[in-house]
Each structure stands twice: as C-alpha cells, then as structure tokens.
1. Considering (1) within 15 Å of residue 129 (Cα to Cα); (2) modelled with pLDDT of 90 or more; (3) surrounded by fewer than 13 Cβ atoms within 10 Å (Cβ to Cβ), say which one residue 102 fails and leave the rest.
2. Show me the strands (runs of 3 or more DSSP E) found entirely inside the stretch 1-107 where at least 1 residues are over 26 Å from residue 123 (Cβ atoms).
3. Residue pairs, Cβ under 6 Å, 6 or more apart or interchain, first in the stretch 127-148 and farther than 21 Å from residue 83 by Cα and among the acidic types (Asp, Glu), second open to solvent by 10 Å² or more (accessible area, probe 1.4 Å) and not in a strand (DSSP E or B). List them.
4. Considering only the stretch 80-109, state which residues are closer than 20 Å to residue 61 by Cβ and either among the aromatic types (Phe, Trp, Tyr) or in contact with a helix residue (DSSP H, G or I) (Cβ under 6 Å, 6 or more places away or on another chain) (or both).
5. Out of the residues in the stretch 1-34 that are open to solvent by 90 Å² or more (accessible area, probe 1.4 Å), of a type outside the set (A, V, I, L, M) and under 34 Å from the mean Cα position of the chain (by Cα), state the one that is nearest to residue 95 (Cα to Cα).
6. Name the single residue that is nearest to residue 108 (Cα to Cα) among those in the stretch 50-62 being open to solvent by 30 Å² or more (accessible area, probe 1.4 Å) and under 20 Å from the mean Cα position of the chain (by Cα).
7. Look through the stretch 68-78, keep the residues that are at pLDDT below 90 and open to solvent by 30 Å² or more (accessible area, probe 1.4 Å), and return whichever of them is farthest from residue 137 (Cα to Cα).
8. Search the stretch 113-148 for residues being assigned to a loop (DSSP other than H, G, I, E, B) and β-branched (Val, Ile, Thr), and hand back the single one that is least open to solvent (accessible area, probe 1.4 Å).
Amino acid sequence: MKKISFGSWIVLSLVVFAVAILSMVFISMNQRVDLVTEDYYERELQYQQQINVVERTNALGGKVSFDFTSAGLTLHFPIIDAPEKYSGVIMFFRPSDKMQDVSYRIAVDSTYTQSISTVNLSKGLWRVKISWSVGEQNFYTERPVIIQ
C-alpha cells in the first residue's frame with residue numbers, strides 16, 4: 001500500500017472544497033426566489049397612507065372576525081353602513097409561493113358576512129389580506145390563517 005504525501009492531501013482537500021463550493025453555487029442559482037411584491041419600492045412610498053388606514057381600522061368598534069367551517073372560511077364584517085356599500089378585495093397570500101395567491105371581491109350579504117371556499121387552497125400557512133371600504137372610508141385587515 002502506497003502512502004499519500006502531505007502535499008497530495010492538501011491538493012485533494014482543496015479540490016473537494018472547490019467542488020463543494022461550485023455545487024452550492026449551482027444549487028442556489030437554480031432556486032426560485034419570489035419577492036413579496038414586484039412593485040415594493042412604490043408601495044414603500046405609500047406606506048404612510050397604509051399606516052393611516054390601519055389606524056382607522058383599529059379605531060373601529062368591531063373587527064373583521066374569521067370562522068372556520070366545513071365549507072371554508074366565513075368573514076364577519078363590522079356593521080358600519082348598508083351592506084351594498086361594502087367593497088374591496090380579499091386576498092389569500094401564500095408566503096411560500098406567489099403562484100398560489102388568490103383574490104376575491106367583497107360581496108357582503110345582509111348579515112354582513114361573506115363565505116369563501118378553501119377547498120382549492122393548499123394546506124399550510126396563508127395570510128388573509130382584506131382591503132375594504134365603506135363609502136369613502138378605507139380599511140385594512142391582515143391575519144395569518146392555517147388551512148388544514
């Protein structure tokens with residue numbers, strides 16, 4: 001059996017190290033990276049308006065509440081005005097994959113509720129972002145939801 005010299009061990013370890021680094025570069029270059037939003041800079045400039053909307057929402061007497069049912073998710077909106085004056089968007093935001101994001105128009109019934117089926121949503125963590133308005137007043141509610 002032939003003994004390997006000290007210099008050969010150094011060269012061998014440098015080659016193994018280089019292969020490991022190149023492998024990590026290759027793997028990381030092939031990973032999909034989703035930004036939270038494509039227009040993040042413009043949204044950052046409008047952030048003070050968003051803070052004002054959130055403060056207005058927090059000042060409401062009631063909050064949007066969530067109930068899980070066998071059919072999906074039921075949202076209960078606070079009573080501010082007539083149901084037909086409610087408008088906006090309910091967005092199911094998937095932090096791990098923007099391709100799964102889903103939006104629904106707000107259509108409040110006479111009991112100020114809206115039911116949304118979660119059958120087509122994959123299991124796991126979602127953020128429900130509700131941008132809604134009643135008349136001229138804008139509101140915003142965000143809440144994490146785990147769909148099972």
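The values are calculated or read from the model by the stated rules, or taken from the named source; none is laboratory data. On a predicted model such as this, the values are computed, not experimentally measured, just so you know. Using ideal geometry, Cβ is built from the backbone for each residue, glycine included, and neighbour counts are taken over all protein chains shown. Just the protein is used for accessible areas: all its heavy atoms, side chains included, with ligands, DNA and RNA removed. Shrake-Rupley method; radii C 1.70, N 1.55, O 1.52, S 1.80 Å.
1. (3)
2. Because the criterion is at least 1 residues that are over 26 Å from residue 123 (Cβ atoms), the strands (runs of 3 or more DSSP E) in the stretch 1-107 that meet it are 86-93.
3. So the pair list comes out empty.
4. 86, 108
5. It comes out as 32.
6. Once the filter is applied, the top-ranked residue is 54.
7. If we take residues in the stretch 68-78 being at pLDDT below 90 and open to solvent by 30 Å² or more (accessible area, probe 1.4 Å), then 70 is farthest from residue 137 (Cα to Cα).
8. Selected residue: 118.
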